[in-house]
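Asks: Submitted below is the structure of interest, expressed as structure tokens.
The values are calculated or read from the model by the stated rules, or taken from the named source; none is laboratory data. Here the structure is a predicted model, which means the values were calculated and not measured. All Cβ positions, glycine included, derive from the backbone under ideal geometry; neighbour counts span all protein chains shown. The area values use the complete protein model at the heavy-atom level, side chains included, leaving out ligands, DNA and RNA. Shrake-Rupley method; radii C 1.70, N 1.55, O 1.52, S 1.80 Å.
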Amino acid sequence: MRVAFGVLGPTVAESDGRALALKGPRHRAVLARLVVARRRVVPVTHLVGDLWTDPPPGAVGAVQTFVGALRRVLEPDRPPRAPARLLVTDGPGYALRPEPDAVDAWCFETAVGAAARLPATQALPRLEEALALWRGPAYAEFEEEDWARGERSRLAELRLQAVERRARTQLALGLAAEAVPDLEVHLAAHPWREDAWRLLALALYRQDRQGDALGVLRRARAVLADQLGVDPGPRLRRLEADILAQDPGLDPPAGPTATAARLWTRTAAAYDRTVAAGARARLETTVSLIRNLAVTGGGGLAAARQHRMEAIAAAEEFGDPDLTARVIGAYDVPAIWTRSDDPELARRIVEAAERALAASPGDAHEAARCRLLATIALETRGSRAPRGPQAAREAVEIARRLDDPALLAFALNGAFMQSFTRAGLAPRRDEIGAELVELAARHDLVTYEVLGHLIRLQARGALADFAAADRHAAAVDRLAERHELPLASVFTQWYRALRLAASGQPARAETAYRDAAARLDGAGMPGLERGLLPLALLSLRVEHRRRTWSDTGPGDTGPGDTGPGDTGPGDTGPGGSGPGGPDPGPVEIDLGADWGPYRPWATPFALLASGRRAEARAALRALPEPPRDLMYEACCCLEAVVALEVGDRDVLERVRTRLLPAAGELAGAGSGLITLGPVEDHLADITTALRAPTSPVPPR
């Protein structure tokens, strides 16, 4: 259950679009106070002082009661006595630890900050998305509370700046008419904002409304004099003089950005006038827009997911399987990550594609059938069901028979997503990537050329060929910059953090991982983002611990670089000692972090770190087989590390069987994101342990 919190208006919490009952005002106050703290701990004594001017006897107990009630609402399925994962007890108080995109105020700040770094065409939708999050004043019911006052003021000012930045962006894009209504409303509530007066006057002037523009400036002069007792600032005075002189510098920008924006506006208006509202052509045009929206970045990708199923449902209402097939198949957006961003949406898309296939006549257009099959292969990624591989094979066969390059690229993407039936298939994925690069470069399929390079980056990384992987990363960056594909460089930034980890530089790698995770915030890829940073840091620490164990003597952390997992002299753990010196001790992890789908593999490490070996062994035994995706080998190796610690022969045998086909690869590096070192090292540790069953062997 994923809980989202809203504080841009009255304080609310919801799950799956359903509001959660937060009981009384003090419960909401506790929740809001913890959101203000931004994941930091708020001592109980501070909460008492914030909730009561004159705390009654038993106030601490009352706070504990409020927290308990909130936990039952926020985590209703948590087993009795199991530690809370969202509203946690930490030291002297409590902390709320939601996901970074689960609080509307945080999403707002992220979107506004991202917009400041984007070109105008990409900044405008991010600002629209950010401003749409507001439901009223921030922390609306706590305007009199000292603890909320600073945050309310900060967010309110940031919102005013965002409104004005949106207007400046609209003017930069030649959208003066669109800027006027919002600026009028903005100034009615905040008449002292001089820059807003300037923007409104400029927007009117650019619509050939010189008299109205001068009237706005006269209103501004009167308001500032009456309310603040001041004259207009130099920028307003200069604008008035420039308008009177009809200075050419006030004209709309003549650059390609403004021209493109005006062309878009006029063409969209013409389409609206010409094509009937209920026409089927609108659906096919809409899905093409959704497809293009998906490759523009975070807000666009999230919006594309939202609208994609709506377009499919609308197509099905016509009762025309050919139309439905075209609408489903037109969304041929290249996909590199093997975990779905929205599993429920993926399930519904697959069901719709299967219905379209079943309803199509036997002589249905083969290209449409190929696109439906490729869609099924893509959307069933990570599944163990045979349908995905079968659909991928059939799609590739049809595309090759039709000799259609774009269709083949789409089908090969599906084949890539279904190339995780076992460990050790990096060479097969390298072949798919190589074919995609050659095919896409020859036929100018830019997004698939990027995909091919990313696939090869992952595959060559798995095969420890970092020289080749570096070349593919550079090719991705060049294409992404030239063709405005911002999401591609997210993956190359993570890859460069992996390179630092693989070269034995844990401190620099940790910094790089944290920077890369910040870049993911707001990128619109929850299937990639959730749990990735904690998993990367765990992998970094586990591998550093293994290097320390095998390469150094007692108390020696090695020359030069140090980082996560370093231990001091005399620090020992349950594994005893070995040829490399004392065991550097268990890996410390924070289970309060958002581990996403990787929590089951993190839990045994947390239990070991707290000395609960029997529970760690039970958690290890309860692990499912990892999903068939890019993290398969990494999860298997994490199992092996814990199994070596607790001496579990059954798990070691199971993991060895899974990993043997990948003996020549770097564990996890096939993701292009993390690594746990050579698989053959893990297999060697397992073999040694199985030969000496009476004595668990700590990882090297």
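Asks: Relative contact order for region 272-320: what is it in percent, counting Cα pairs under 8 Å that are at least 6 residues apart?
Replies: The value is 31 percent.
Asks: How about region 11-106: which trypsin sites (Lys or Arg not before Pro) there are in a DSSP loop, with at most 14 other Cβ atoms within 10 Å of their Cβ? Show your work: numbers first, answer last.
Replies: Details: sites: Arg18, Lys23, Arg26, Arg28, Arg33, Arg38, Arg39, Arg40, Arg71, Arg72, Arg81, Arg85; in loops: Lys23, Arg38, Arg39, Arg40, Arg81, Arg85.
Filter output for region 11-106: Lys23, Arg38, Arg40, Arg81.
Asks: Pick out, in residue order, every one of the trypsin sites (Lys or Arg not before Pro) in region 193-246 that is DSSP loop and has at most 12 other C-beta atoms within 10 Å; say none if there are none. The partial results should precede the final answer.
Replies: On the way: sites: Arg193, Arg198, Arg206, Arg209, Arg218, Arg219, Arg221, Arg235, Arg237, Arg238; in loops: Arg193, Arg206, Arg209.
Here no loop site has a sparse enough neighbourhood.
Asks: Test of the criteria: in region 70-167, which GluC sites (Glu not before Pro) are in a DSSP loop and have at most 13 other Cβ atoms within 10 angstrom of their Cβ? All intermediate terms of the calculation are to be shown ahead of the outcome.
Replies: Working: sites: Glu109, Glu128, Glu129, Glu141, Glu143, Glu144, Glu145, Glu151, Glu157, Glu164; in loops: Glu143, Glu144, Glu145.
Answer by residue number: Glu143, Glu144.
Asks: Below 8 Å, C-alpha to C-alpha, sequence gap of six or more: please give me the relative contact order for the chain in percent.
Replies: Values: 1095 pairs, mean separation 61.1, N = 700.
Dividing the mean separation by the residue count of the chain yields 9 percent.
Asks: Suppose all protein chains stay in the model; what accessible area per residue would a 1.4 Å probe give for the chain, in Å²?
Replies: Values: 30320 Å² over 700 residues.
Here the residues of the chain average 43 Å² of exposed surface.
Asks: Please work out how much accessible surface Glu284 shows to a 1.4 Å probe, ignoring ligands, DNA and RNA, in Å² rounded to 10.
Replies: 60
Asks: A further question follows. What longest range of the chain stays clear of loop-exposed chymotrypsin sites (Phe, Trp or Tyr not before Pro) (DSSP non-H/G/I/E/B, at most 16 other C-beta within 10 angstrom)? All intermediate terms of the calculation are to be shown ahead of the outcome.
Replies: Working: sites that count: Trp52, Trp192, Phe318.
Counting at most 16 other Cβ atoms within 10 Å as exposed, the longest clean stretch of the chain is 319-700.
Asks: Please arrange Asp332, Asp590 by accessible surface area, largest first, computed with a 1.4 Å probe and ligands excluded. Present the calculation step by step, with values, prior to reporting the outcome.
Replies: On the way: Asp332 15, Asp590 85 Å².
Result, largest first: Asp590, Asp332.
Asks: Around Gly93, which amide H atoms from residues at least 5 apart in sequence, or from another chain, sit under 5 Å from its own amide H, with H modelled in the peptide plane?
Replies: Val44
Asks: Going toward the positive end of the dipole of the chain, with +1 on Lys and Arg Cβ and -1 on Asp and Glu Cβ, which of Phe108, Ala269, Ala37 do you reach last?
Replies: Sorting the options by dipole projection puts first Ala37.
Asks: Rounded to the nearest 500 deg cm²/dmol, what is the calculated helix-only ellipticity per residue at 222 nm for the chain, with -39500 (n - 2.57) per DSSP H run of length n ≥ 4?
Replies: Working: 30 runs with 428 residues, N = 700.
Taking each H run of at least 4 residues, the total per residue is -20000 deg cm²/dmol.
Asks: Okay, moving on. Sequence gap at least 6, Cα distance under 8 Å: using those rules, report the relative contact order of region 308-385 to the nearest whole percent. Intermediate values should be presented prior to the final figure.
Replies: Details: 68 pairs, mean separation 31.0, N = 78.
About 40 percent, as a whole number.
Asks: Still on this structure, please answer the following. Asp231 accessible area, nearest 10 Å², 1.4 Å probe?
Replies: Only protein atoms counted, so the area is about 120 Å².
Asks: Report the paramagnetic label zone for Arg613: residues of region 637-656 whose backbone N is under 19 Å from a point 7 Å from Cα along the Cα-to-Cβ axis.
Replies: It comes to 639-653, nothing else.
Asks: Over what distance in Å are the Cα centres of region 660-684 and region 186-252 separated?
Replies: Each part reduced to its Cα centre gives a spacing of 64 Å.
Asks: If r is the Cβ-Cβ distance from Arg482 to Arg266 and R0 is 22 Å, what FRET efficiency results, to the nearest 0.05? Walk me through the intermediate numbers first.
Replies: Working: r = 27 Å, r/R0 = 1.24.
Using R0 = 22 Å, I get an efficiency of 0.20.
Asks: Keeping all protein chains in the complex and leaving out DNA, RNA and ligands, what accessible area do you get for Arg78 with a 1.4 Å probe, in Å² to the nearest 10?
Replies: Approximately 80 Å² of Arg78 is accessible to the 1.4 Å probe.
Asks: So if each residue of separation counts as 0.36 nm, and I subtract the Cα-Cα distance between Ala474 and Ala622, what length gain in nm does that give? Don't skip to the end; give the middle numbers.
Replies: On the way: separation 148, 0.36 × 148 = 53.28 nm, distance 4.17 nm.
Gain on extension, Ala474 to Ala622, equals 49.1 nm.
Asks: Asp208 to Asp90: extension gain in nm, 0.36 nm per residue of separation minus the Cα-Cα distance?
Replies: Working: separation 118, 0.36 × 118 = 42.48 nm, distance 6.14 nm.
Additional length available on full extension: 36.3 nm.
Asks: Let me ask another. Please turn the phi angles of region 459-472 into ³J(HN,Hα) values with the Karplus equation 6.51 cos²θ - 1.76 cosθ + 1.60 (θ = phi - 60°), one per residue in order, whole Hz, x for glycine and proline.
Replies: With the stated coefficients, region 459-472 comes to 5, 5, x, 4, 8, 6, 9, 6, 4, 5, 4, 4, 5, 5 Hz.
Asks: Please determine, in degrees from 0 to 90 and to the nearest 10, the orientation of helix 210-223 with respect to the longest principal axis defined by the Cα atoms of the chain, where the helix direction is its Cα long axis.
Replies: Between helix and principal axis, roughly 80 degrees.
Asks: On the protein heavy atoms, probe 1.4 angstrom, tell me the percent of accessible surface of the chain carried by carbon and sulfur.
Replies: Details: 16040 of 30320 Å².
Percent of accessible area from carbon and sulfur atoms in the chain: 53.
Asks: Calculate the spin-label point distance for Lys23 paired with Glu75, positioning each point 7 Å from the Cα along the beta-carbon direction, and give it in nanometres.
Replies: Each label point lies 7 Å from its Cα, and together they span 1.7 nm.
Asks: Give, in nm to one decimal, the length gained when the segment between Glu143 and Thr687 is fully stretched (0.36 nm per residue of separation minus the Cα-Cα distance).
Replies: On the way: separation 544, 0.36 × 544 = 195.84 nm, distance 6.43 nm.
Roughly 189.4 nm would be gained on extension.
Asks: Under a plain spin-label model, where a point goes 7 Å from the Cα along Cα-to-Cβ, how far apart in nm are Leu402 and Thr65?
Replies: Placing both labels 7 Å beyond Cα along the Cβ direction yields 6.7 nm.
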